[in-house]
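Visitor: Just dropping this structure here.
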Amino acid sequence: MDVAYYPGCVAKGGAPELYRSVKLILEPLGIRPTELFDAACTGAGVLTERNPLLADALNGRTFAMAERKGMPIMTICSTCTGTMLACNARLQDGGYRARVNELLAPEKYEYQGGTAIKHLLWMLVEDVGLERVGGLVRRPLEGLRVAPFYGCYLVRPSALVDEGRPDRERYLERLIETLGGQAVEYEGARKCCGFPVITMNRTNGLKMTGRNIADAKEHGADIMVTPCPLCHLNLDGQQEEAARALGVPLGVPILHLPQLIGLAFGFTPSQLGMSHHLVRPGAVLARYAQAV
Amino acid sequence: MDVTLSVQRHNPDANPATWWQDYTVTVPDHATVLDALLAVRDEQDESLTVRCSCRSHICGSCVMRIDGRSALGCKTKVAEALRRGGAEGRVRVQPAGNMAVLKDLAVDLEGFFGKVRAVQPWLQPVGPEPEREYLVPNEAMLRVRDAMACILCGACVSACNSLEVDDRFLGPAALAKAWRFTEDPRDGHDRDRLEFLSSVPGGIWDCTHCFACVEVCPKDVKPMERIIELRRRAMDAGFTDNNGARHSQAFRDTIAHSGWLDETKVAVRSVRGPDELLDWVGVGARSFLRGKVPLRHKAIPGALRVTAIVSAAERTAAGSARGGAAAGAAPHGAPGHGPGSGGGSGA
Ligand code: SF4
Ligand code: SF4
Ligand code: FES
């Protein structure tokens, strides 16, 4: 299937390993991406908070680009997804959309309201199908206990996220099992990673990060997986600080969703850019590779 | 219908430990979780403490966690809980979160009401009193009506992710109340309220945007969206000497400049000064060594267009807003005012 690919800022900035892994896995999955190189940042909710019209205009511009191509937008970030879904809901109001379109007119964009927005995770389950994903597994993640970490905006608010599919809050578990791994059940899976307050209240942000990792670890996780690179910035990038803020040892490697899929498809950790991680997945993966 | 309730019990006066106790009861198909708990208390175990009064989601007494989700016991049907949770005809019931347990499902609400009181939830008009009642335009009250529907049940507080790590946070219910008074045309103290809310420890900038309060509120108050509006109004009113407002400004500036986010710049510009920046040196250095700090931030091809949109949207917002607030930019009647609302399908 053809998709308008919106990688988001972090995949092109602080998480180059994510961008690289997505590239590797899309082809075998039969997803043909056309990257929206000229799309702006979604504003991550921060712009919406400041000036909703501005956020809606920038996202409306992106939606119009995809609409022109006749493709759904594929995101790889929970925060981008949530921000876009909220903007798109507001842009269903015709009168308001006309005001936004006025701002886009100089560039000759006009959004009609018809672009679908889907996270890669949703596409895998709903469009590609887990059966096909399972068929591509070369090295099942057998024996690997993987804790899913969704990122708030893939599960809340359900009024926006569900779109008639309340089981979306179990997709990661289902995918992990399709890849041969064992999904860890723990309360933190759908909680906040703490990233949104990390520059405003660093201690609180780090405590949230640390509590979720500790929770996953207590429930037996070898690694965690997240479909949100902002969560990754905290869970991986600041895990050391989070452990200190909480006063407990952590040391749980955090994979981006496409990296976990890539591993099961037979790509190597270095192909998947894992040398960029701050918590090195090497030891855990070596243990699992030996077990296979 | 038979249901097994696994109830997390606690009697801190007698025993510091909590324990789980299972009760199986027969209830009618339309029974709520509260009905089932009351049946247990009547028929099997009168030591089980449950708080309730109206049994029809009006009084706000019966908040609890049902299969981990904060909710009113009297608004959650047993059948619905079984369908959702589904583990072998069993429903897990715990006391509300983020509040101390007094006994079983009764929690201490002192802190909760203390925070509501802290935002001074009463009208404080200025100027001479009118001869008769205060006259208010209908639209102004329609705007605050949803927030006025709050029944102070504490479900939002029970679910709040920020409160889990910081007890000082005023929390969703109190902040939604505060919003309601800053929006009321009869109140004359918006500025003082906004100043207090943006500077007090645990104020508006400590919300972590987790949407938990929006998700669980039985009255659709959407506390997080009120907090978002409070932040916007506080910034517009000039209360910008805080990391939240600095972060917002830095975010806007990098997008206006290159079309997308320059994470390093945003991080550096969001903190108060060199002392706070020190906290970031460790993670900055480690990220740099692992190739996670881009050396160059290249603008998107249409960056100039984005800059133009930013200016135009800001002009419109400033022109159409009440008191210069950008809040006027999106129509209040439009579906989903605020980032979270709107039940519309994105597809
Ligand atoms: S959105 Fe904010 S106020 Fe609401 S539950 Fe999350 S942290 Fe608390
Ligand atoms: S905002 Fe909603 S959940 Fe929170 S106390 Fe009020 S009614 Fe209850
Ligand atoms: S008993 Fe009154 S709200 Fe449930």
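The values are calculated or read from the model by the stated rules, or taken from the named source; none is laboratory data. Not measured: the values here are computed from a predicted model. Cβ placement follows ideal geometry from the backbone for every residue including glycine, while neighbour counts extend to all protein chains displayed. Note: areas computed on protein heavy atoms with side chains; ligands, DNA, RNA excluded. Shrake-Rupley method; radii C 1.70, N 1.55, O 1.52, S 1.80 Å.
Visitor: Is the shape of segment A:137-291 rounded, prolate or oblate, going by the alpha carbon gyration tensor and its root eigenvalues a ≥ b ≥ c, with a/c under 1.5 for rounded and a/b larger than b/c for prolate?
Guide: Values: a/c = 1.76, a/b = 1.14, b/c = 1.55.
Judged from the Cα gyration tensor, segment A:137-291 comes out oblate (a/c at least 1.5, b/c at or above a/b).
Visitor: Ignoring everything except DSSP H segments at least 4 long, calculate the 222 nm mean residue ellipticity for chain A; use -39,500 (n - 2.57) per segment, divide by total residues, nearest 500.
Guide: On the way: 14 runs with 133 residues, N = 292.
Calculated mean residue ellipticity at 222 nm is -13000 deg cm²/dmol.
Visitor: Say the cut-off is 25 Å between C-alpha atoms; which of A:K118/B:K75; A:K108/B:K292; B:K75/B:K222; A:K217/B:K265 go over it? Walk me through the numbers on the way to the answer.
Guide: Values: A:K118/B:K75 32 Å; A:K108/B:K292 36 Å; B:K75/B:K222 18 Å; A:K217/B:K265 33 Å.
Exceeds cut-off: A:K118/B:K75; A:K108/B:K292; A:K217/B:K265.
Visitor: Please compute the alpha carbon radius of gyration of segment A:126-166, then divide it by the globular-protein estimate 2.2 N^0.38 Å. Two decimals is fine.
Guide: Numbers: Rg = 14.2 Å, N = 41, 2.2 N^0.38 = 9.0 Å.
Taking the Cα Rg and dividing by 2.2 N^0.38 Å, one obtains 1.58.
Visitor: Keeping all protein chains in place, calculate the accessible area per residue for segment B:2-106 (probe 1.4 angstrom), answer in Å². Kindly include the intermediate steps, with their values, before the conclusion.
Guide: Working: 5040 Å² over 105 residues.
That works out to 48 Å² per residue.
Visitor: Related question: Can you tell me the 0 to 90 degree angle between the C-alpha axis of helix B:190-199 and the longest principal axis of chain B, rounded to 10?
Guide: Approximately 80 degrees, to the nearest 10.
Visitor: Oh, and also: Return the whole-Å distance between the Cα centroid of segment B:39-90 and the Cα centroid of segment A:65-132.
Guide: Taking the Cα centre of segment A:65-132 as reference, the centre of segment B:39-90 is 39 Å away.
Visitor: Ratio of Rg to Rh for chain B, alpha carbon only, Kirkwood? It would help to have the intermediate numbers written out before the result.
Guide: On the way: Rg = 24.0 Å, Rh = 23.2 Å.
Checking Rg against Rh, the ratio lands at 1.04.
Visitor: Continuing with this model, one more query. Report the residue, chosen from B:V221, B:V27, B:V50, that carries the largest GNM mean-square fluctuation when chain B is represented by alpha-carbon nodes joined by springs under 10 Å.
Guide: With Cα springs under 10 Å in chain B, the top fluctuation among B:V221, B:V27, B:V50 is at B:V27.
Visitor: Measure out, as a whole number of angstrom, how far apart the alpha-carbon centroids of segment B:186-249 and segment A:141-163 sit.
Guide: With segment B:186-249 and segment A:141-163 each reduced to a Cα centre, they are spaced 27 Å.
Visitor: For segment B:23-66, rounded, prolate or oblate, judged on the Cα gyration tensor with a ≥ b ≥ c (square roots of eigenvalues), a/c < 1.5 rounded, else prolate if a/b > b/c? Can you show the working numbers first?
Guide: Numbers: a/c = 2.00, a/b = 1.33, b/c = 1.51.
Cα axes put segment B:23-66 in the oblate bin.
Visitor: What residues of segment B:17-44 lie in the reach of a label at A:V248, counting those whose backbone N is under 18 Å from a point 7 Å from the Cα along Cα→Cβ?
Guide: B:18
Visitor: What does the highest-first list of B:29-39, B:264-274 look like by mean Cβ count within 10 Å?
Guide: On the way: B:29-39: 20.5, B:264-274: 15.7.
Result, highest mean first: B:29-39, B:264-274.
Visitor: Right, another one. Most mobile of A:C87, A:C231, A:C193 per a Gaussian network model of chain A (Cα springs, under 10 Å)?
Guide: Of A:C87, A:C231, A:C193, the most mobile in the Gaussian network model is A:C87.
Visitor: Note down the nm distance, to one decimal, between modelled labels 7 Å out along Cα→Cβ at B:Q120 and at B:L135.
Guide: Distance between the two pseudo-spin positions: 2.7 nm.
Visitor: Still on this structure: For A:G43, which sequence-distant residues (separation of 5 or more, or a different chain) have an amide H within less than 5 Å of its own amide H, given hydrogens modelled in the peptide plane?
Guide: Under 5 Å from the amide H of A:G43: no residue qualifies.
Visitor: Using a 10 Å cut-off on Cβ to Cβ distances, tally the other chain neighbours for every residue of B:283-292 and report the average as a whole number.
Guide: Working: counts 9, 1, 0, 5, 7, 0, 1, 10, 6, 12.
Taking the mean over all residues of the peptide, I get 5.
Visitor: Further question on the same structure: In chain B, what % of DSSP beta bridges are antiparallel (nearest 5)? List each step's numbers first, then the result.
Guide: Details: 20 of 24 bridges.
Once the DSSP bridges in chain B are tallied, antiparallel ones form about 85 percent.
Visitor: Compute the distance from the alpha-carbon center of segment A:1-21 to that of segment B:112-137, in whole Å.
Guide: What the calculation gives is 50 Å, centre to centre.
Visitor: State the extension gain, in nm to one decimal, for the chain segment bounded by A:E107 and A:R68, taking 0.36 nm per residue of separation less the distance between their alpha-carbons.
Guide: Working: separation 39, 0.36 × 39 = 14.04 nm, distance 1.32 nm.
Between A:E107 and A:R68, full extension yields 12.7 nm more.
Visitor: For segment A:141-221, what does the alpha-carbon gyration tensor say about shape, rounded, prolate or oblate, given a ≥ b ≥ c as the root eigenvalues, a/c under 1.5 as rounded, and a/b over b/c as prolate?
Guide: Numbers: a/c = 2.95, a/b = 1.19, b/c = 2.47.
It is oblate, given that a/c is not under 1.5 and a/b is not larger than b/c.
Visitor: Counting only protein heavy atoms and a 1.4 Å probe, tell me what percentage of the protein assembly as shown's accessible area is made up of carbon and sulfur. Show your work: numbers first, answer last.
Guide: Numbers: 13010 of 24980 Å².
Of the solvent-accessible surface of the protein assembly as shown, carbon and sulfur hold 52 percent.
Visitor: Go through B:V293, A:V10 and list them by solvent-accessible area, largest first, probe radius 1.4 Å. Show your work: numbers first, answer last.
Guide: Numbers: B:V293 40, A:V10 10 Å².
Ranked from most to least accessible, the order is B:V293, A:V10.
Visitor: Rolling a 1.4 Å sphere over the protein heavy atoms, what is the accessible area per residue of chain A, to the nearest Å²?
Guide: Details: 9240 Å² over 292 residues.
Solvent-accessible surface per residue comes out at 32 Å².
Visitor: I've got another one for you. Among the residues of segment A:188-227, which ones have their accessible area go down by 20 Å² or more when all the protein chains sit together, as opposed to their chain alone (1.4 Å probe)?
Guide: Buried by 20 Å² or more upon assembly, which counts only protein chains, are A:K191, A:C192, A:P196, A:V197, A:T199, A:M200, A:N201, A:R202, A:N204, A:K207, A:M208, A:R211.
Visitor: Using only Cα atoms and rounding to the nearest 10 degrees, what angle (0 to 90) does helix B:223-236 make with the longest principal axis of chain B?
Guide: 20
Visitor: Are there cysteines in chain B with no second cysteine's Cβ under 4.7 Å away, and if so, which?
Guide: Among the cysteines of chain B, those whose Cβ sits 4.7 Å or more from every other are B:C74, B:C150, B:C153, B:C160, B:C207, B:C217.
Visitor: Continuing with the same structure: How are the C-alpha pair distances of chain A spread across 5 Å bins, as whole percents from the shortest bin up?
Guide: Taking every Cα pair in chain A, the percentages come to 1, 6, 12, 17, 19, 17, 12, 8, 5, 2, 1, 0, 0.
Visitor: Tell me the mean residue ellipticity at 222 nm calculated for chain B from its helices only (DSSP H runs of n ≥ 4, each -39500 (n - 2.57), averaged over every residue, nearest 500).
Guide: On the way: 15 runs with 146 residues, N = 347.
Calculated mean residue ellipticity at 222 nm is -12000 deg cm²/dmol.
Visitor: While we're on this one: Which length gain, in nm to one decimal place, applies between B:S53 and B:D241 when the Cα-Cα distance is subtracted from 0.36 nm times their residue separation?
Guide: Numbers: separation 188, 0.36 × 188 = 67.68 nm, distance 4.52 nm.
Working it through step by step, the gained length comes to 63.2 nm.
Visitor: Also, quick follow-up: Quick one: buried accessible area between B and A, total over both chains, 1.4 angstrom probe, nearest 100 Å²?
Guide: Adding both sides of the contact gives about 6500 Å².
Visitor: Given Cα pairs under 8 Å that are at least 6 residues apart, what percent is the relative contact order of segment A:2-119?
Guide: On the way: 162 pairs, mean separation 36.9, N = 118.
Here the relative contact order equals 31 percent.
Visitor: Shifting gears a bit: How well do other chains shield peptide A:88-98, expressed as the mean number of their Cβ atoms within 10 Å of each residue Cβ?
Guide: Mean partner-chain Cβ count within 10 Å for A:88-98: 6.
Visitor: May I pose another question? I'd like to compare B:68-74, A:248-254: which one has the highest average count of other Cβ atoms within 10 Å, and what's the full order after that?
Guide: Numbers: B:68-74: 22.9, A:248-254: 18.0.
In decreasing order of mean packing, B:68-74, A:248-254 become B:68-74, A:248-254.
Visitor: So how do B:W122, B:W179 rank on accessible area, 1.4 Å probe, biggest first, that is with the largest at the start?
Guide: Working: B:W122 125, B:W179 0 Å².
Descending order: B:W122, B:W179.
Visitor: Considering Cα pairs under 8 angstrom that are at least six residues apart, work out the relative contact order of segment B:246-326 and quote it in whole percent. It would help to have the intermediate numbers written out before the result.
Guide: Working: 60 pairs, mean separation 27.2, N = 81.
That works out to 34 percent.
Visitor: Now, a different point. Run the simple label-point estimate for B:R286 and B:H30 please: 7 Å along Cα→C-beta, distance reported in nm.
Guide: 5.8
Visitor: At 25 °C and 0.890 mPa s, grab the translational diffusion coefficient of segment B:2-106 from Stokes-Einstein with a Kirkwood Rh over Cα pairs, rounded to a whole number in µm² per second. Numbers along the way, then the final one.
Guide: Values: Rh = 13.6 Å.
Approximately 180 µm²/s, per Stokes-Einstein.
Visitor: Follow-up. Between B:N11 and A:R139, what is the label-point separation in nm under the 7 Å Cα-to-beta-carbon projection?
Guide: 5.6
Visitor: Using a 1.4 angstrom probe on the protein heavy atoms only, line up A:F37, B:F211, A:F195 by accessible area, largest first.
Guide: Values: A:F37 125, B:F211 15, A:F195 55 Å².
Result of the area sort, largest leading: A:F37, A:F195, B:F211.
Visitor: Right, next: Rounded to a whole number, what is D in µm²/s for the protein assembly as shown from Stokes-Einstein with the Kirkwood radius over alpha-carbon pairs (20 °C, 1.002 mPa s)? Intermediate values should be presented prior to the final figure.
Guide: Details: Rh = 25.6 Å.
Approximately 84 µm²/s, per Stokes-Einstein.
Visitor: Give me the accessible area of A:K23, 1.4 Å probe, in Å² rounded to the nearest 10.
Guide: Approximately 130 Å² for this residue.
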